[in-house]
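Peer 1: The structure that follows is given in the form of structure tokens.
What follows is calculated from the coordinates using simple rules that are stated; it is not laboratory data. Fair warning: this is a prediction, and the values are worked out from it, not measured in the lab. Reconstructed Cβ throughout: ideal geometry from the backbone, glycine too, with neighbour counts over all protein chains shown.
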Amino acid sequence: MKQSIKIGFVGFGTVATGAVKILQDQQELLERRVGTGLEIVKIADRDIERDRGIILPEGILTHDVSEVLEHPDIDIVVELIGGTTHAKEFILEAIAQKKHVVTANKALVAEQGEIIFEAAASQGVDVGFEAAVCGGIPIIREMKEGLAAEKLKSIYGIVNGTCNYILTKMRDEGGDFSEVLKEAQDLGFAEADPELDIGGGDSAHKLAILSSLAFGTPVNLKEIYTEGIERVSPIDIAFAGELGYDIKLLAITKIVEGEIEARVHPTMISKETLLSKVNGVFNAVYVEGETVGGLLFYGQGAGSLPTGSAIVSDLVEIARNILSNAHRRVPSASFMPKARKALRIRPMAEIESLYYLRFMVEDHPGVLANISGILGKNGISISSMIQEGRKIEGGVPLVMMTHKAKERDLQAALAEIGELDCIMGSTLLIRVEGEDPS
Ligand code: HSE
């Protein structure tokens, strides 16, 4: 039996600190699970002076990444520096040195996963990326193993805690998007530069990974339609509530007629659904399989210890593989590399959905007839409507829910409606998931 499995870290930030803490605090438990110890040999970071509340033996910390990547004894390299340039170089170098790799880098796996997986396959090493999607929720392992029998049909994820926190707060306590974002930043929930979170990019990274694992296909991040939560306003949240819905930033992927839909956007879902009960910074992923039906995975999608826990779970898996000489027992992308098939990602114009439309209009005769006439001409059928007398910035809000419609037709209708003189301000469209009311 090997004395211990030796681990090196590149990056000693929040997530690495959580992982190191777990490796130290749960040493005995981990050894009982693996059969031998998991030993931290080196940790490289630019800042090795800062007190992280962790006591490490002499000589572990270094400024020099090559002391990790080229260390002859290190079995597994954990990359936690983020970004896609140096991180990619370091991971490929570690793989070239025949070291297994663990990373939490969703952007890198989403954008360059194919290259990394190919390099790992050719060197016969494992790549773990459980921490890249939804922090502490073990969704990657479930996609690869727990659901291996399933022909998966769809995934609906609340995969960004910052957006879910903002939308929950706007719903429960009121306040504009920008006020609530500022509050979230002051409390340390949102990044100083929150664009990747609120613009939907972070969710798109996670969706690209999930979709690729679910359907056994490469997914090009650029083909994922991505819309953030910036335009969701308190009146839309209130109207959604009146209609029996919540608004969530959903990452959605499904198989439709042999093609994939992959999109991130604010979505109205019925208050009766489990996903609508996922509040605050929590994440959840609802997966539908052909035989298992629906499953919901819920938990903390970020944070030092939850994400650190996902890192350590990968270390345990890889350590077990090393000890049983079973490297690459589970293929990195869930399907055998040669068995993956490129499926077409359906362009947004081709999807079908139910829609919530909120117009700001002048309050005078004929407005409703004009708008509904254009919708009708484009084949869009209205299922319900709210028109309130209250004036906001000189106009009145007019809300329409549609039956299932093609996005292309809806956008054509909205372009035409936008030219009407009675339209004041911008129109908001929110896609609605659920059954078409008959
Ligand atoms: N910034 C992400 C979030 C966590 O707000 O959920 C890391 O992916």
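Peer 1: Tell me, what HN-Hα J-couplings in whole Hz come from the Karplus equation 6.51 cos²θ - 1.76 cosθ + 1.60 at θ = phi - 60° for each residue of region 104-114, using x for Gly and Pro?
Peer 2: These are the phi-based 3J(HN,Hα) values: 10, 7, 5, 4, 5, 5, 5, 8, 10, x, 4 Hz.
Peer 1: Among the DSSP beta bridges whose two residues both lie in the chain, what percent are antiparallel, rounded to the nearest 5?
Peer 2: Values: 50 of 74 bridges.
Given both bridge residues lie in the chain, the antiparallel proportion sits at roughly 70 percent.
Peer 1: Which of LYS88/LYS144; LYS169/LYS222; LYS6/LYS222; LYS144/LYS182; LYS277/LYS338; LYS2/LYS144 have a Cα-Cα distance over 32 Å?
Peer 2: Values: LYS88/LYS144 23 Å; LYS169/LYS222 30 Å; LYS6/LYS222 37 Å; LYS144/LYS182 38 Å; LYS277/LYS338 40 Å; LYS2/LYS144 27 Å.
Over 32 Å apart, Cα to Cα: LYS6/LYS222; LYS144/LYS182; LYS277/LYS338.
Peer 1: Continuing with this model, one more query. Given Cα positions, please report Rg to Rh for region 147-300, the hydrodynamic radius being the Kirkwood one.
Peer 2: Details: Rg = 15.4 Å, Rh = 15.8 Å.
Rg/Rh: 0.98.
Peer 1: For region 1-143, what does the alpha-carbon gyration tensor say about shape, rounded, prolate or oblate, given a ≥ b ≥ c as the root eigenvalues, a/c under 1.5 as rounded, and a/b over b/c as prolate? Show your work: numbers first, answer last.
Peer 2: Details: a/c = 1.31, a/b = 1.21, b/c = 1.09.
Rounded is the answer for region 1-143, as its axis ratio a/c remains below 1.5.
Peer 1: If you don't mind, there's one more thing I want to ask. What does the helix-only formula give at 222 nm for the chain: each DSSP H stretch with n ≥ 4 adding -39500 (n - 2.57), the total divided by the residues, and the result rounded to the nearest 500 deg cm²/dmol? Write out the running numbers ahead of the final one.
Peer 2: Numbers: 13 runs with 147 residues, N = 438.
Roughly -10000 deg cm²/dmol at 222 nm, from the helical runs in the chain.
Peer 1: Related question: VAL316 to GLN185: FRET efficiency via 1/(1 + (r/R0)^6), r the Cβ-Cβ distance, R0 30 Å, to the nearest 0.05?
Peer 2: 0.30
Peer 1: Now a separate question. Using square roots of five times the C-alpha gyration tensor eigenvalues, list the equivalent-ellipsoid semi-axes of the chain in whole Å, biggest first.
Peer 2: Numbers: eigenvalues 417, 108, 59 Å².
Here the semi-axes work out to 46, 23, 17 Å.
Peer 1: May I ask you to derive the FRET efficiency for GLU89 and ALA349 from their Cβ-Cβ distance with R0 = 45 Å, giving the value to the nearest 0.05?
Peer 2: On the way: r = 38 Å, r/R0 = 0.85.
About 0.75, to the nearest 0.05.
Peer 1: Starting from the Cα of SER426, step 7 Å along the direction of its Cβ; do the same at ILE382; then give the gap between the two resulting points in nm.
Peer 2: 2.3 nm
Peer 1: How far, in nm, would the chain grow between LYS271 and ASP25 when pulled straight, counting 0.36 nm per residue and subtracting the alpha carbon separation?
Peer 2: Using 0.36 nm per residue and subtracting the Cα-Cα distance, I get 84.5 nm.
Peer 1: Compute the Rg/Rh shape ratio of region 348-432: radius of gyration over Kirkwood radius, all on alpha-carbon atoms.
Peer 2: Working: Rg = 12.1 Å, Rh = 12.8 Å.
Over the Cα atoms of region 348-432, Rg/Rh equals 0.94.
Peer 1: Given points 7 Å out from each Cα along the Cα-Cβ axis, report the GLU288 to LEU56 separation in nanometres with one decimal.
Peer 2: 4.7 nm
Peer 1: What does the highest-first list of 155-168, 291-304, 380-393 look like by mean Cβ count within 10 Å? Don't skip to the end; give the middle numbers.
Peer 2: Values: 155-168: 25.4, 291-304: 15.9, 380-393: 12.5.
So the peptides 155-168, 291-304, 380-393, ranked by packing, come out 155-168, 291-304, 380-393.
Peer 1: Can you bin region 308-372 into rounded, prolate or oblate? Criterion: square roots of the alpha carbon gyration tensor eigenvalues sorted a ≥ b ≥ c, rounded for a/c under 1.5, prolate for a/b above b/c, oblate for the rest.
Peer 2: Details: a/c = 9.58, a/b = 2.90, b/c = 3.30.
It comes out oblate by the Cα gyration axes.
Peer 1: Still on this model: Give the calculated FRET efficiency between ALA192 and LEU296 to the nearest 0.05, with a Förster radius of 35 Å applied to their Cβ-Cβ distance. Before the final figure, lay out the partial values.
Peer 2: Details: r = 32 Å, r/R0 = 0.92.
According to the calculation, E is roughly 0.60.
Peer 1: Still on this structure, I have one more. Does region 98-163 classify as rounded, prolate or oblate by the C-alpha gyration tensor (a ≥ b ≥ c root eigenvalues; a/c under 1.5 gives rounded; else a/b over b/c gives prolate, otherwise oblate)? Don't jump to the answer; show the numbers that get you there.
Peer 2: Working: a/c = 2.04, a/b = 1.38, b/c = 1.48.
Cα axes put region 98-163 in the oblate bin.
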